[in-house]
Amino acid sequence: MTKKYYSPKRKEYTYYLLICILLILPHFILAQTNLNFHNETPDDSYVHVSRESMEKGPAYNLRKSEFFTSQVNVDSDGNDIIGDAANETSIAIDPTNPNRIVIGWRQFNTITSNFRQAGYGYSLDGGLTWTFPGVINPGVFRSDPVLDFDSEGNFYYNSLKGDFTCDVYKIDDGGIVWGAPVPANGGDKQWMRLDRTDGVGAGNIYSNWNQSFTTCDWDFTRSIDGGDSFEECTPVINTPQWGTLAVDADGTLYTVGRANAGLILVKSTTAKDPSLPVAWDFSTPVDLDGNLSGGGAVNPEGLLGQMWVDVDKSGGSGHGNVYVLASVNRSSNADNGDVMFAKSIDGGETFSAPKKINTDNGTDNVQWFGTMSVAPNGRIDVVWLDTRDAPEGTNDSRLYYSFSEDQGNTWSNNEPLSIAFNPNIGYPQQNKMGDYFDMISDNEGAHLAWANTINGGQDVYYTHISPENVILSVDDSIENISNAVSYPNPFSEETTIAFSIANEELVTVEVFDILGRSQGIILNEMIFGNYSLNWDGSNGNGLKLSSGIYFISIKTKSNRSLIRVILQ
Ligand SMILES: [Ca+2]
Ligand SMILES: [Ca+2]
Ligand SMILES: [Ca+2]
């Protein structure tokens with residue numbers, strides 16, 4: 001009997017081997033792509049740098065009526081630390097005291113080393129001033145910070161370590177004293193969300209991450225005991241990566257990201273129930289006419305941005321809507337970065353056609369780090385970095401903002417909220433400015449944690465955006481108001497507001513609180529030349545305002561000047 005070289009059995013084996021290779025090939029392709037521009041592996045060794053020994057310079061802080069910006073990674077005197085780097089921000093606000101805000105980031109103590117640690121800073125005055133006490137765990141490689149509060153004001157900081165596992169720190173005093181962290185499984189580019197409902201899932205913690213870089217078998221975990229422990233890893237359908245999570249008003253969990261076949265949304269109505277194992281209802285393809293990517297000129301070793309999901313919890317006509325947004329490489333044209341939005345009005349089963357949020361012309365400008373959050377009243381806030389104003393041959397970027405008050409059908413004009421900066425400077429031996437920003441919306445405005453190089457290095461900032469004032473904003477480039485001052489400042493009885501108007505026109509002097517809410521108009525007259533008026537700290541109805549920080553806006557048809565005053 002002649003022995004055949006190819007037995008039927010061997011043929012079958014070869015066939016199965018081929019199928020296996022085909023099935024796992026996309027994973028390797030994604031893993032390879034990751035390695036090129038997103039991999040949180042320790043590289044340079046830890047170098048101890050004393051903050052006291054670093055050179056200091058003025059922090060960058062900007063106060064306008066449409067927004068205010070405060071530098072977060074400052075020393076104990078509020079100064080910029082020259083020669084450090086900070087990026088990849090996440091923000092959390094205490095729902096029991098919204099003046100308590102915490103921002104986390106990747107802190108590089110010196111730009112001579114890409115060794116990164118868990119940076120954090122906190123504000124107790126609504127983001128106006130910040131304290132950066134130092135990194136949480138000095139000398140330990142930590143990356144990918146993700147922060148959140150539960151409904152009772154407990155704070156959680158999820159942190160990726162160099163072995164592709166995550167820790168969750170839990171503290172109950174607004175971010176001041178740190179205990180030991182709890183192991184939380186995890187992997188690279190994890191995201192975390194708390195259930196802040198008062199339903200069956202109240203206090204649950206959810207996290208998912210990039211399946212390609214983890215020591216777990218899968219890409220999801222849950223805590224049902226307030227962060228004391230995290231469950232064994234379980235799989236999310238189609239393993240989305242580089243995305244975020246959202247919990248709706250009923251405790252339903254959504255997660256989004258890039259899968260092998262494109263962008264997806266995955267939904268679980270059972271994850272909230274501690275008595276049930278985590279199961280997923282379905283996975284829906286999301287068409288944003290493009291895909292998440294990275295490695296572009298604006299952020300060479302980082303992402304173009306992550307994919308955002310949020311839900312309408314307003315109780316109004318948009319209640320339950322699911323919104324997704326991301327900066328994507330476009331499919332239907334050559335644009336390397338647009339901010340694209342889509343919505344679902346049927347609980348994530350189907351999505352609308354994608355809508356481009358940036359309204360610049362052509363396909364040459366890059367809109368990156370697109371970031372979205374939804375306010376309790378249903379307003380959708382979106383920010384991104386934008387190269388549309390960049391001189392030819394540069395990647396200079398400005399922060400832009402737009403919002404929608406009608407469930408994403410129409411959007412406010414694209415408004416720039418920063419000067420242009422070069423995102424390619426200040427690198428800490430790693431050519432990127434992190435992979436994402438983070439934002440939280442309330443009914444008054446948006447709270448953004450972000451990075452830029454306006455102060456000459458990579459630094460972390462908090463910006464509070466007041467949508468109503470963005471609509472009212474005027475062109476600051478025309479100078480008709482000069483020498484605007486207020487004295488004494490601080491004041492208790494009365495302050496004199498003085499300014500000069502170059503050409504006669506109607507001048508309105510109006511007082512705003514730190515959230516950008518008008519407290520009353522104190523002057524509205526035709527004025528020319530030097531002018532002064534006295535203000536006793538009362539509102540438009542003659543009632544004395546409470547002690548605090550206010551902004552006096554001196555506005556003409558074409559110009560606005562702001563003075564920050566302290567009423568004692
Ligand atoms: Ca700095
Ligand atoms: Ca990262
Ligand atoms: Ca573009």
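Observations on the structure shown:
- Test: residue in the range 472-491 that is in contact (Cβ under 8 Å) with a residue 24 or more places away in the chain, surrounded by 14 or more Cβ atoms within 10 Å (Cβ to Cβ) and closer than 30 Å to residue 105 by Cβ: yes
- Qualifying position, being within 16 Å of ligand 3 (Cβ to nearest atom) and of a type in the set (Val, Ile, Thr), among 324, 374, 339, 309: 339
- Matching residues, the range 528-551, being modelled with pLDDT of 90 or more and either under 21 Å from residue 66 (Cβ atoms) or touching a Ser or Thr at 6+ places or on another chain (Cβ under 9 Å) (or both): 531, 532, 533, 534, 535, 536, 537, 544, 545, 547
- Test result for residue 348, within 16 Å of ligand 2 (Cβ to nearest atom), among the small types (Gly, Ala, Ser) and part of a loop (DSSP other than H, G, I, E, B): no
- Residue satisfying condition, being modelled with pLDDT of 95 or more and in a strand (DSSP E or B), within set 257, 251: 257
- Filtered by the rule that a residue be more than 16 Å from ligand 3 (Cβ to nearest atom), under 19 Å from residue 327 (Cβ atoms) and buried (at least 21 other Cβ atoms within 10 Å of the Cβ), the range 422-439 gives 432, 433, 434, 435, 436, 437, 438, 439.
- Taken together, 148, 163, 188, 172 contain a single residue that is acidic (Asp, Glu), within 27 Å of residue 460 (Cβ to Cβ) and touching a helix residue (DSSP H, G or I) at 6+ places or on another chain (Cβ under 8 Å), which is 188.
- Filter pass, residue 297 being under 30 Å from residue 335 (Cβ atoms) and at pLDDT below 95: no
- Residue 111, sole failed condition from (1) out of contact with any Pro (no Cβ under 7 Å at 6 or more places or on another chain); (2) of a type in the set (Val, Ile, Thr); (3) surrounded by 15 or more Cβ atoms within 10 Å (Cβ to Cβ): (1)
- The requirement of being closer than 16 Å to residue 402 by Cβ, more than 18 Å from the chain's Cα centre (by Cα) and either within 16 Å of ligand 1 (Cβ to nearest atom) or among the basic types (Lys, Arg) (or both) is satisfied by residue 355.
- Count - residues of the range 534-552 that are surrounded by 14 or more Cβ atoms within 10 Å (Cβ to Cβ), touching a residue at least 24 places away in the same chain (Cβ under 8 Å) and assigned to a strand (DSSP E or B): 6
- Condition broken by residue 84, with the remaining ones in (1) under 19 Å from the mean Cα position of the chain (by Cα); (2) within 22 Å of residue 418 (Cβ to Cβ) satisfied: (1)
- If the condition is being crowded, with 21+ Cβ neighbours inside 10 Å and either within 16 Å of ligand 1 (Cβ to nearest atom) or among the hydrophobic types (A, V, I, L, M, F, W, C) (or both), then the range 171-207 contributes 184, 191, 192, 194, 205.
The values are calculated or read from the model by the stated rules, or taken from the named source; none is laboratory data. Quick caveat: nothing in here was measured; it's all calculated off a predicted structure. FYI the Cβ positions are ideal-geometry reconstructions off the backbone, even for glycines, and counts take in every protein chain you see.
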